[in-house]
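These notes are about the structure you will find just below.
The values are calculated or read from the model by the stated rules, or taken from the named source; none is laboratory data. Quantities reported herein were computed from a predicted structural model and do not represent experimental measurements. Neighbour counts run over all protein chains shown; Cβ positions are idealised from the backbone, glycine included.
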Amino acid sequence: MNRSPYITNAPSVSTIMLKVLLALVPGIFAYVWIYGGGILVTITLATVTALLAEALLLKIRQRPVKPYLMDLSAVVTAWLLALALPPLAPWWLIVVGTLFAIVIAKQLYGGLGYNPFNPAMVGYAVLLISFPLIMTKWPAPLLLAQTKLSFLDQLNFIFSNILPNDVKVDAITSATPLDYLKTQLKLNHEVAAIAQAPIFGTFGAKGGELVTGAYLLGGLYLIQQRIISWHLPTAFLAAIAAISLVFYAINPAHFANPMFHLVGGASLLAAFFIITDPVSGPTTPRGKLYFAAGAGVLTYLIRVYGGYPDGVAFAVLIMNMCVPLIDALTQPRVFGHEK
C-alpha cells in the first residue's frame, strides 16, 4: 500500500523561467509576422544588456555570477520589457529601460526574490514617463503600412534613426488603437465611428489580435504546466471585462465594449506573464484574486481617465505596493485554530 506523504521534486528556477520563455515564443512569432523582424533586434539588445548588467552587479556584490545568470530571470525580464516597447524603439531607449529594470528594480533590492516591484514594469514606466513621445510611436502593422521596411531597414532605423531616402517616419508609424480611441473621444466622436478607422480589426488592433491570441496560447501552456495558477489571469481579465461592461452599458457611444479592452493593449500579456510574477505578487490564493482584480480595475480606469493610453504598468506597480497588506489580510486559517 502506498503511504503519504508523497514528495515531488519542485522545478528549479531555471526550468520555470525557461518554460516562461517558451510560452512567449508564439507571441514573438506573431509580432514578427505583424510588425517585421525589428522586434527580434529589440529582444536581442535587451537580453544582452540585461545579462551584462546582472553580471556586473553580481561581481560588485561579490556574488557568484554563473548560477544567477543561468536561472534566466534576467532574460525573462528583458523579453517582457522588449515586448512592451515599440518594435522600432531606438537602441538607447532599450538599453536605458533594461538597465533600470535590472540594476535599480532588481539588483539594488537584493536580486531575484527580494524585489518588491515587477522589474520589467518599472523599466517600462520609467521610459513612458521620461520619453512619452517615443514610447507612443508604434510602427503601423505591415497590413496597413504605406511603406514596408525590410529587416535591414528596421535594423538601421533602430541603431541610427535613419530611413531610406524615399521613406518618411509618418509612413511607417501610427497611433495604437487605445491611443487613437482616447484622442478621438476627446474630439467628441463616438466609439462606433472611431472603430471604422483602418487600424481597428474585429475586436482590437488589426493584426494585433493575432499577437494577443498567441499570448493566450502561451498562457494556457503555463497553466497546463502548473507554472502559474488560474487565479491571477482569471481575476485580472474578469475585472477588466466586468468594469468595462458596466461603463459600456451606461454609455456605449463613449466607452468601448469589453472585448476591445480584453484584446486591446497589453491585457493578455499582463494577465499571463506580468501579474503572475511570483516575487512581486501575493502568495495566498485569495490574495491573488484581490491583487489581480485590483490591477484589472486600475488598468481600465487609467486607460479611460488617465493620461496614458494603457495602464497595465502603473496598475501593476500600484498593486505591488499593496502586496504586504494583501498577504497579511488573506492568510488562511491555521488548522486546529479558531479564526
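Got a number for residues in the stretch 190-202 being over 17 Å from P309 (Cα atoms) and either under 22 Å from the mean Cα position of the chain (by Cα) or not aliphatic (A, V, I, L, M) (or both)?
5
Say we look at the stretch 206-234 and pick out the residues that are of a type in the set (A, V, I, L, M) and part of a loop (DSSP other than H, G, I, E, B); which of these is nearest to the chain's Cα centre (by Cα)? Give the derivation first.
Step one: filter the stretch 206-234 for residues of a type in the set (A, V, I, L, M), giving 210-211, 214, 216-217, 220, 222-223, 227-228, 232.
Okay, now just the ones that are also part of a loop (DSSP other than H, G, I, E, B), so 227-228.
Details: I227: 17, I228: 16 Å.
This residue is I228.
Got a sec? Which of P324, P285 is at pLDDT 90 or above, touching a helix residue (DSSP H, G or I) at 6+ places or on another chain (Cβ under 7 Å) and surrounded by fewer than 17 Cβ atoms within 10 Å (Cβ to Cβ)?
Unique residue meeting the criteria: P285.
Could you check Y109 against (1) without any contact (Cβ under 8 Å) to a residue 40 or more places away in the chain; (2) loosely packed, with under 14 Cβ neighbours inside 10 Å and say which number it fails?
(2)
Does L222 satisfy being buried (at least 20 other Cβ atoms within 10 Å of the Cβ) and among the hydrophobic types (A, V, I, L, M, F, W, C)?
Values: buried (at least 20 other Cβ atoms within 10 Å of the Cβ): yes; among the hydrophobic types (A, V, I, L, M, F, W, C): yes.
Against the criterion (buried (at least 20 other Cβ atoms within 10 Å of the Cβ) and among the hydrophobic types (A, V, I, L, M, F, W, C)), L222 qualifies.
Limited to the stretch 193-205, what total is found for residues that are among the β-branched types (V, I, T) and part of a loop (DSSP other than H, G, I, E, B)? Full working, then the answer.
Within the stretch 193-205, the first condition is being among the β-branched types (V, I, T), and the residues that meet it are 194, 199, 202.
Applying the additional criterion that residues be part of a loop (DSSP other than H, G, I, E, B) yields 199, 202.
Qualifying residue count for the region: 2.
Residue-wise test of (1) modelled with pLDDT of 95 or more; (2) farther than 19 Å from F157 by Cα; (3) not acidic (D, E); (4) not in a helix (DSSP H, G or I).
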| site | (1), (2), (3), (4) |
| --- | --- |
| V76 | yes, yes, yes, no |
| A82 | yes, no, yes, no |
| P86 | no, no, yes, yes |
| A89 | no, no, yes, yes |
| L93 | yes, no, yes, no |
| G97 | yes, no, yes, no |
| L108 | no, yes, yes, no |
| G111 | no, yes, yes, yes |
| N115 | no, yes, yes, yes |
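Within the set of pairs 6+ apart or on separate chains, which have a first residue in the stretch 126-150 that is surrounded by fewer than 17 Cβ atoms within 10 Å (Cβ to Cβ), a second that is among the β-branched types (V, I, T) and modelled with pLDDT of 85 or more, and C-beta atoms under 8 Å apart?
Matching pairs, first to second residue: L142/I34; L143/I34.
Specify the residue that is modelled with the lowest pLDDT; the eligible residues are those in the stretch 163-184 that are closer than 15 Å to D310 by Cα and not basic (K, R).
Within the stretch 163-184, the subset closer than 15 Å to D310 by Cα is 175-183.
With not basic (K, R) added as a condition, the list becomes 175-181, 183.
On the way: A175: 68, T176: 78, P177: 79, L178: 82, D179: 82, Y180: 80, L181: 85, T183: 84.
Selected residue: A175.
So L127 fits all but one of (1) in a helix (DSSP H, G or I); (2) over 17 Å from the mean Cα position of the chain (by Cα); what number is the exception?
Here L127 meets the rest and fails (2).
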